[in-house]
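The values are calculated or read from the model by the stated rules, or taken from the named source; none is laboratory data. The structure presented is a predicted model; accordingly, all values stated were derived computationally and were not measured. All Cβ positions, even for glycine, are placed from backbone atoms using ideal geometry, and neighbour counts span all protein chains on display. Just the protein is used for accessible areas: all its heavy atoms, side chains included, with ligands, DNA and RNA removed. Shrake-Rupley method; radii C 1.70, N 1.55, O 1.52, S 1.80 Å.
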Amino acid sequence: MTVSSRRASDGHPHTLVLPVRMDGTPASAIERAVELLREGRLVAFPTETVYGLGADATNATAVEGIFAAKGRPHNDPLIVHLPGADRLATVARDVPEAAWALAERFWPGPLTLILPRATAIPAIVAAGGETVGVRVPSHPVARLLLAEAAVPVAAPSANRFMHTSPTTASHVLADLDGRIDCVLDAGPCAVGVESTVLDLLADPPHVLRPGGVTLEALRAVLPDVRGPAPRVPGLEPGEAPPRAPGQMARHYAPRTRLVVFDAQGDAALAAMRREAELARASGARVGMLLADDEAEAMEGTGTVVARLGPSGDLAAVTRRLYAALRELDGHGLDLLLAHTYGHEGMGLAIWDRLRRAASGQLRSLPGQ
Ligand code: TXA
Ligand code: MG
């Protein structure tokens, strides 16, 4: 099915937007979205992490539509979403003990487990591989949709390939309006970055992507879990391509050039101020991602500032991160500047997304 025929057969020149409250009302919105999923159409829906672009995971033609709408290469596997851990055996086989322990502790929630793929899931979902990524989201609208759809739903983040993930329905429309059938709009996502992806088939289990569940929390259940690779794969000359291209460098990237300092506090702010002054001296227009309490330090520098929330509240900073990147990207500036928020707790996911957005290149400062 081509994108244009999907648009025509739906009778919508644009994507159908269905507003829905956190309690799932009006029920007609979720009912319509379920009908569309069952017909093999593409439905964007809110999760607690980011908006997903869903299709019936057992329908290879529908899944093909996801790759087409996003412009995503077929060698990047999709995550399968379930309404509960009790459905795990329908999408994965030989589920290890550790998976049940993690599911018990973290599902529903922002954790994706890589497991052996069951035959009910077509190869296209898994980029032809023998494994499948599975998660049970906690967003009430996602849970209702998945329970009523009664099929596993394949859903990557609902953005064009290589672009910043969407945390609101309007971000989804900015990337995919007219290319997908429907979006369920339940307002902004609570976590703001994607799920943690844990490879349970590696020994010891390995975090492929840090996200909404912290490494410290995982280690409280599985003490030997290995953290994410210190460098973004695929950047060194002659290096083998990464196993999953989702782990690639420029993956969450704004269009505007972004420089990220891997530092915090006064040292980071001083470095950003210096960089901004240099850039402005050559006529460049500069934007900055800053915590609320840091914004004051940049007054008088003529930079456009996007605020992330209080610097001590990493949950708030994470929630705002992608929206702030999109906001600054929309100003048509020449240079964006940001700094990291440590490497612990949610700081690790923020660090990971900022380094990818900056093509894997972080600037370190002496003593930090
Ligand atoms: O929070 C999330 O995970 C969101 C929401 C919608 O659930 N989804 C999401 O999907 O971020 P996506 O496709 O944008 O990112 C999935 C990541 C990619 O890095 C992909 O390479 C990796 O998970 N992945 C999926 N299946 C995999 C597999 N079988 N083996 C290794 N990596 C896998
Ligand atoms: Mg994505």
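Being under 20 Å from residue 203 (Cβ atoms) and modelled with pLDDT of 95 or more: is that true of residue 101 here? Yes: the conditions hold for residue 101. For segment 158-184, filtering for residues that are at pLDDT 95 or above and open to solvent by less than 50 Å² (accessible area, probe 1.4 Å) leaves 18. Is it true that some residue in segment 151-163 is more than 16 Å from ligand 2 (Cβ to nearest atom) and farther than 16 Å from residue 329 by Cα? Yes, that holds for at least one residue. Give me the residue from segment 155-175 that is more than 13 Å from ligand 1 (Cβ to nearest atom) and not in a loop (DSSP other than H, G, I, E, B) and, out of that set, nearest to the chain's Cα centre (by Cα). Ranking the qualifying residues of segment 155-175, first place goes to 169.
Applying a threshold of 8 Å to beta carbon distances and a minimum spacing of six or more residues, or different chains, the list of pairs starting in segment 34-50 at a residue that is free of Cβ contacts under 8 Å to residues at least 60 places away in the same chain and ending at one that is more than 16 Å from ligand 2 (Cβ to nearest atom) and assigned to a strand (DSSP E or B) reads 40/56. Among the residues of segment 72-89, those that are in contact (Cβ under 8 Å) with a residue 12 or more places away in the chain, away from ligand 1 (no atom under 13 Å from the Cβ) and surrounded by fewer than 17 Cβ atoms within 10 Å (Cβ to Cβ) comprise 84, 89. Being open to solvent by 10 Å² or more (accessible area, probe 1.4 Å), within 19 Å of residue 198 (Cβ to Cβ) and free of Cβ contacts under 8 Å to residues at least 60 places away in the same chain is a condition met by no residue of segment 143-154.
Put simply, of 118, 150 the only residue that is over 22 Å from residue 73 (Cα atoms) and either acidic (Asp, Glu) or in contact with a strand residue (DSSP E or B) (Cβ under 6 Å, 6 or more places away or on another chain) (or both) is 118. Looking at this structure, is residue 37 crowded, with 19+ Cβ neighbours inside 10 Å and modelled with pLDDT of 95 or more? Spelling it out, residue 37 is indeed crowded, with 19+ Cβ neighbours inside 10 Å and modelled with pLDDT of 95 or more. Contact annotation: residue pairs with Cβ atoms under 8 Å, 6 or more positions apart or on different chains, pairing a residue in segment 295-313 that is modelled with pLDDT of 95 or more and of a type in the set (D, E, K, R) with a partner that is surrounded by 11 or more Cβ atoms within 10 Å (Cβ to Cβ) and assigned to a helix (DSSP H, G or I), are 307/292; 307/295; 307/320; 307/324. Tell me whether segment 95-109 contains one or more residues that are under 19 Å from residue 208 (Cα atoms), within 16 Å of ligand 2 (Cβ to nearest atom) and either among the β-branched types (Val, Ile, Thr) or within 17 Å of the chain's Cα centre (by Cα) (or both). Among the residues of segment 95-109, not one is under 19 Å from residue 208 (Cα atoms), within 16 Å of ligand 2 (Cβ to nearest atom) and either among the β-branched types (Val, Ile, Thr) or within 17 Å of the chain's Cα centre (by Cα) (or both), which makes the answer no. Only residues that are away from ligand 2 (no atom under 16 Å from the Cβ) and either part of a loop (DSSP other than H, G, I, E, B) or open to solvent by less than 40 Å² (accessible area, probe 1.4 Å) (or both) were counted across segment 112-133, and they come to 14. Within this structure, residue 208 passes the test of being open to solvent by 20 Å² or more (accessible area, probe 1.4 Å), in contact with a strand residue (DSSP E or B) (Cβ under 9 Å, 6 or more places away or on another chain), within 11 Å of ligand 1 (Cβ to nearest atom) and among the hydrophobic types (A, V, I, L, M, F, W, C).
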